[in-house]
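One structure below.
The values are calculated or read from the model by the stated rules, or taken from the named source; none is laboratory data. Computed from a predicted model, the values in this text were never measured in an experiment. We place every Cβ from the backbone using ideal geometry, glycine too, and count neighbours over all the protein chains shown. Calculation scope for accessible area: heavy atoms of the full protein, side chains included, ligands and nucleic acids excluded. Shrake-Rupley method; radii C 1.70, N 1.55, O 1.52, S 1.80 Å.
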Amino acid sequence: VARKRQRYVEKDGKCNVQHGNVRETYRYLTDIFTTLVDLKWRFSLLIFILAYALTWLFFGLIWWVIAYSRGDLEHLGDHTWTPCVNNLNGFVSAFLFSIETETTIGYGHRVITDTCPEGIVLLLLQAILGSMVNAFMVGCMFVKISQPNKRAETLVFSSHAVVSLRDDRLCLMFRVGDLRDSHIVEASIRAKLIQSKQTQEGEFIPLDQTDLSVGFETGDDRLFLVSPLIISHEIDERSPFWDVSRGQLERDDFEIVVILEGMVEATGKRGRDISVMWGH
């Protein structure tokens with residue numbers, strides 16, 4: 001029974017690597033924007049909702065404390081009393097006034113008066129902080145939505161790579177094509193051979209990465225991807241497959257990872273597609 005091999009990179013391009021024993025987790029918080037963008041959608045939406053809900057609740061509580069400490073809640077219906085916020089009669093109305101203030105809805109039923117300096121300061125503070133929350137959270141969601149990750153779904157690699165003669169030279173070849181009418185601008189391609197290696201000093205490297213030339217010296221790695229193209233790696237003296245026989249090639253444990261990068265014409269975002277073309 002053939003043993004199912006655990007790949008370094010899956011066929012769909014997802015890297016099968018998990019980070020374990022990360023001690024300096026605080027580094028993720030130093031770049032909180034990138035951390036939020038890299039989160040899964042369900043966590044990003046949860047943080048998006050909590051950021052607004054907790055802010056509204058926090059300032060709603062402060063508005064209620066101000067009304068309670070000034071005695072506004074004890075003079076409800078007293079037309080001779082000037083409250084800090086008109087028509088604020090409890091925590092629910094304070095919460096609604098907090099939402100109206102931060103989202104600049106302004107229904108006009110609850111409105112701050114000019115006899116409450118602490119309320120004016122809180123109003124300015126919430127307006128400024130609310131703008132910062134809006135800019136940060138909307139910016140995260142926009143960057144996450146505009147990421148060109150899904151663009152890679154319409155980039156198709158051949159299921160198999162072949163070794164054959166081409167122009168009297170032995171080459172490793174595979175095909176790549178784009179299903180969309182919008183082009184990938186400044187597309188470039190490169191390939192990596194991932195294989196365990198033992199150095200001359202006896203050091204064992206479990207996941208050694210070696211470049212496979214696919215036209216970097218001649219510029220053939222820069223693609224004009226308007227039709228399916230055949231990508232070729234010449235097996236010459238510089239190739240890691242030069243001294244490998246056909247039998248050894250079938251027995252060896254290795255992966256060839258192909259990486260195609262380019263700029264999405266529709267959005268101007270730079271994307272990347274990774275595919276495992278061949279592996280044992």
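Before moving on, here are some points about what is shown:
- Tally of Lys pairs whose C-alpha atoms are under 29 Å apart, taken over the chain, 8 or more apart or cross-chain: 26
- Per-peptide average of other Cβ atoms within 10 Å, ordering 30-38, 188-196 highest first: 188-196, 30-38
- Share of carbon and sulfur in the accessible area of the chain stands at 57%, probe radius 1.4 Å.
- Note on ILE235: accessible area approximately 20 square angstrom, rounded to 10, probe 1.4 Å, nucleic acids and ligands left out.
- Choice from ARG70, ARG23, ARG251 showing the highest fluctuation, given a GNM over the chain with Cα pairs closer than 10 Å: ARG23
- Fluctuation leader among GLU250, GLU24, GLU237 - the chain, Gaussian network, Cα springs under 10 angstrom: GLU24
- By the beta carbon rule, with partners counted only under 4.7 Å, the chain holds these lone Cys residues: CYS15, CYS140, CYS171.
- Accessible solvent surface per residue of the chain, calculated while the other protein chains remain in place, 1.4 angstrom probe, Å²: 66 Å²
- Of the DSSP H helices in the chain, those whose Cα atoms cover at least 24 Å axially and whose Kyte score averages 1.0 or more: 41-70, 117-145
- Added length on full extension, which subtracts the Cα-Cα distance from 0.36 nm per residue, LYS14 to GLN248: 81.5 nm
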